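Below is one structure, written out as structure tokens, with a few remarks after it.
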Amino acid sequence: MKTIVVFFSLEGNSEYAANKILEYTGADMLELKTVKEYPKGNFSKYFLGGKSAIFGEKPKLVPYKFSKDKYDLIIIGTPIWAGTFAPPIRTFIKENDLSKKKIALYACSASGNAEKCFEKLKKELKDCDITASLSLIEPKKKQSEENDKKIKEFCDKIEKQ
């Protein structure tokens, strides 16, 4: 099964998870980057990122190459901002018709409550087959056997489909 991990990462947590998933699956990787960068590590990160997420903005992405037809499974990874997925993921979904594709989701947050984020992603991906989801608590910042075990179990689940 040909797989790709498509993710956005502001402070490295979603990227850390993507690299772990690659270790277990051998998937391809596509990191989304915005033309105008979001601020990191301060109040403006929460204000600007949260506003962008709440208002459903679609920031312009640095050009990338992606062909959905090359992949049997697309894994989408995002940080959680204001209870939802990061705006660059919205841009990616709008730029690419992912209907009828198998999709797995992962989200990284400080609290571990990703259900609201997953519900909003599922609405955006309404014509897709969502096969699995994974919620992680700051996997880069708080590296743990528990997070690594969750990632491994997620990979085992999607590999069996």
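The values are calculated or read from the model by the stated rules, or taken from the named source; none is laboratory data. All values derive from a computational prediction rather than experimental measurement. Cβ: placed from backbone, ideal geometry, glycine included. Neighbour counts: every protein chain shown. Ligands, DNA and RNA are excluded from the accessible area calculation, which covers all protein heavy atoms including side chains. Shrake-Rupley method; radii C 1.70, N 1.55, O 1.52, S 1.80 Å.
Details
- Within region 51-71, the set of residues being at pLDDT below 95, closer than 25 Å to Pro139 by Cβ and loosely packed, with under 15 Cβ neighbours inside 10 Å comprises Ile54 only.
- Residues satisfying the stated conditions in region 137-155, i.e. at pLDDT 95 or above and open to solvent by less than 60 Å² (accessible area, probe 1.4 Å): Ile151, Phe154, Cys155
- Positions within region 1-42 being surrounded by 13 or more Cβ atoms within 10 Å (Cβ to Cβ), within 19 Å of Phe85 (Cα to Cα) and among the small types (Gly, Ala, Ser), in sequence order: Ser9, Gly12, Ser14, Ala17, Ala18
- Considering (1) open to solvent by 10 Å² or more (accessible area, probe 1.4 Å); (2) of a type outside the set (D, E, K, R); (3) in contact (Cβ under 8 Å) with a residue 40 or more places away in the chain; (4) under 15 Å from Tyr16 (Cα atoms), the lone condition that Ala110 does not fulfil carries the number (3).
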